[in-house]
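Undergrad: The structure is given below, and queries will be raised subsequently.
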Amino acid sequence: MNDSELPPLPAVEPAQAIDVIVGFIRAQMEQTGFERIVLGLSGGVDSATVAYLCARAVNPENLLAIRMPYRTSSEASETDAMRVVEALGCRTERVDITPMVDPMLELIASPDAAAGSDELNVRRGNVMARQRMIVVYDRSAAFDALVAGTSNKTEALLGYGTLHGDMAAAFAPIGDLYKTQLRDVARELGVPDEILAKPPSADLWPGQTDEDELGRSYDMLDRTLFALVDRRWSVDRCVDAGLDRDLVEWVERRVARMEFKRQLPPVAKVSLRTPGIDHLYPRRRPGSRR
């Protein structure tokens, strides 16, 4: 079966999406009373796209892009991150996380665990992702800035990210764009071709790519997610439309299992008014910094 016979990829009108997201970013700045933005810039398409969007929303002088390599990080990631910085003319800073991460990695290394095991790689990756967010939030305090998230809709639905790591943010500009939609938006923004062309990777260990780790292509994941989530199709309907049952059932299970990553921690209610449940202040209070 060819692609034309499968359920469609989620469509997007890039220019319109850019206008909506830039307006959203400006509204967040006004509502919270901040004028500056900080983000982690990896050299990948997600963070590059967010940087381009933020630079449109605020003066590039008010955008700080932090590059945070580890000793095993690809040199191409640094090169591509600098392509973005030079194109936008935004502020940047380089923080090597190696001396911060290595002591923790020594603690979690187990004599019984194979050096390249999936479990150990995930734990190491989580340490790096959380350390990077420690740096970003520290710089947000120093720069008096809001932290922009760089996770997309595909990652959020699949829980493909680290809690309190790359999933942490004050606002999420691309959180409602599937990975395949994001590429169209990035192309419209003028993100460099070198970044658009390379395989998506969190660069958490040598040779790591998103699609290898997930075991599925973003194209097929987005077709499936769009059918299940946006169109609310049943598993059987997805299969009847040409999607592989194993894929659809895997995606359905994972989206449900990863719901905890998309919500604030539940609170055990024992009083009349509970923060986050029935004691709420609107975030849209200009100057409130809530």
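Undergrad: Regarding segment 127-140, can at least one residue be identified that is at pLDDT 95 or above and of a type in the set (Phe, Trp, Tyr)?
TA: Of segment 127-140, the ones at pLDDT 95 or above are 127-140.
Retained after the next criterion (residues that are of a type in the set (Phe, Trp, Tyr)): 137.
Yes: segment 127-140 contains one or more residues that are at pLDDT 95 or above and of a type in the set (Phe, Trp, Tyr).
Undergrad: Can you find even one residue in segment 266-289 that is among the β-branched types (Val, Ile, Thr) and either within 18 Å of the chain's Cα centre (by Cα) or within 30 Å of Ser117 (Cβ to Cβ) (or both)?
TA: Filtering segment 266-289 down to residues among the β-branched types (Val, Ile, Thr) leaves 267, 270, 274, 277.
If we keep only those that are either within 18 Å of the chain's Cα centre (by Cα) or within 30 Å of Ser117 (Cβ to Cβ) (or both) too, we end up with none.
No, segment 266-289 contains no residue that is among the β-branched types (Val, Ile, Thr) and either within 18 Å of the chain's Cα centre (by Cα) or within 30 Å of Ser117 (Cβ to Cβ) (or both).
Undergrad: For segment 238-254, which residues satisfy the criterion of being aliphatic (A, V, I, L, M) and either part of a helix (DSSP H, G or I) or within 18 Å of Tyr160 (Cβ to Cβ) (or both)?
TA: Here is the first cut: in segment 238-254, the residues aliphatic (A, V, I, L, M) are 239, 241, 243, 247-248, 251.
Residues satisfying the conditions are Val239, Leu247, Val248, Val251.
Undergrad: Of the conditions (1) at pLDDT 95 or above; (2) in contact with a Leu (Cβ under 7 Å, 6 or more places away or on another chain), Asp240 clears all except one; give me its number.
TA: Going through the list (1) at pLDDT 95 or above; (2) in contact with a Leu (Cβ under 7 Å, 6 or more places away or on another chain), Asp240 breaks only (2).
Undergrad: Exactly one of these conditions fails for Arg187: (1) out of contact with any Leu (no Cβ under 9 Å at 6 or more places or on another chain); (2) of a type in the set (Lys, Arg); (3) surrounded by 10 or more Cβ atoms within 10 Å (Cβ to Cβ). Give me its number.
TA: Result: Arg187 fails condition (1) only.
Undergrad: Would you pick out the residues in segment 48-100 that are part of a helix (DSSP H, G or I) and in contact with a Phe, Trp or Tyr (Cβ under 6 Å, 6 or more places away or on another chain)? Show your work before the answer.
TA: Kept after step one, since they are part of a helix (DSSP H, G or I), are these residues of segment 48-100: 48-57, 60-62, 75-88, 98-100.
Across segment 48-100, the qualifying residue is only Thr98.
Undergrad: Another one. Those residues that are assigned to a loop (DSSP other than H, G, I, E, B), at pLDDT 85 or above and over 14 Å from Leu221 (Cβ atoms), I need them from segment 178-209; list them, please. Explain how you work it out, then say what you get.
TA: Restricting attention to segment 178-209, the residues satisfying the condition of being assigned to a loop (DSSP other than H, G, I, E, B) are 178, 190-192, 198-209.
From the residues that got through so far, the ones that are at pLDDT 85 or above too are 178, 190-192, 198-199.
Residues satisfying the conditions are Gly190, Val191, Pro192, Lys198, Pro199.
Undergrad: Next question. Out of (1) outside any loop (DSSP other than H, G, I, E, B); (2) within 21 Å of Thr209 (Cα to Cα); (3) modelled with pLDDT under 95, the odd one out for Glu106 is which?
TA: Of (1) outside any loop (DSSP other than H, G, I, E, B); (2) within 21 Å of Thr209 (Cα to Cα); (3) modelled with pLDDT under 95, only one is false for Glu106: (2).
Undergrad: Same structure again: Taking segment 251-279, which residues are hydrophobic (A, V, I, L, M, F, W, C) and touching a helix residue (DSSP H, G or I) at 6+ places or on another chain (Cβ under 9 Å)? Can you show your working first?
TA: Restricting attention to segment 251-279, the residues satisfying the condition of being hydrophobic (A, V, I, L, M, F, W, C) are 251, 255-256, 258, 260, 264, 267-268, 270, 272, 277.
Those that are hydrophobic (A, V, I, L, M, F, W, C) and touching a helix residue (DSSP H, G or I) at 6+ places or on another chain (Cβ under 9 Å): Val251, Val255, Met258.
Undergrad: In segment 33-45, what residues are touching a residue at least 60 places away in the same chain (Cβ under 8 Å), over 13 Å from Ala57 (Cβ atoms) and either in a helix (DSSP H, G or I) or touching a helix residue (DSSP H, G or I) at 6+ places or on another chain (Cβ under 8 Å) (or both)?
TA: The answer is Val38, Gly40, Ser42, Gly43, Gly44, Val45.
Undergrad: Output the residues belonging to segment 144-192 that are basic (Lys, Arg) and within 16 Å of Val229 (Cα to Cα).
TA: Lys153, Lys179
Undergrad: Within segment 1-29, can you find the residues that are farther than 20 Å from Asp176 by Cα and surrounded by 13 or more Cβ atoms within 10 Å (Cβ to Cβ)?
TA: The initial filter retains those residues of segment 1-29 that are farther than 20 Å from Asp176 by Cα, namely 1-6.
Matches in segment 1-29: Leu6 only.
Undergrad: If only one of Ala148, Ala169 is within 23 Å of Arg124 (Cβ to Cβ) and small (Gly, Ala, Ser), which one is it?
TA: Numbers: Ala148 fails: within 23 Å of Arg124 (Cβ to Cβ).
None of the other options fit; the residue is Ala169.
Undergrad: Right, something else. If you check Thr224, Thr154, Thr150, which single one turns out to be surrounded by 15 or more Cβ atoms within 10 Å (Cβ to Cβ), touching a residue at least 12 places away in the same chain (Cβ under 8 Å), outside any loop (DSSP other than H, G, I, E, B) and under 15 Å from the mean Cα position of the chain (by Cα)? Give the derivation first.
TA: Details: Thr224 fails: under 15 Å from the mean Cα position of the chain (by Cα); Thr150 fails: outside any loop (DSSP other than H, G, I, E, B).
Criteria check complete, one pass: Thr154.
Quick grid of which residues meet (1) crowded, with 20+ Cβ neighbours inside 10 Å; (2) touching an Asp or Glu at 6+ places or on another chain (Cβ under 9 Å); (3) among the hydrophobic types (A, V, I, L, M, F, W, C):
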| site | (1), (2), (3) |
| --- | --- |
| Ala51 | yes, no, yes |
| Arg56 | no, no, no |
| Leu63 | yes, no, yes |
| Arg67 | yes, yes, no |
| Glu75 | no, no, no |
| Ala81 | yes, no, yes |
| Ala87 | no, no, yes |
| Asp102 | no, no, no |
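The values are calculated or read from the model by the stated rules, or taken from the named source; none is laboratory data. Quick caveat: nothing in here was measured; it's all calculated off a predicted structure. Note that we place each Cβ from the backbone using ideal geometry, even for glycine, and neighbour counts take in every protein chain shown.
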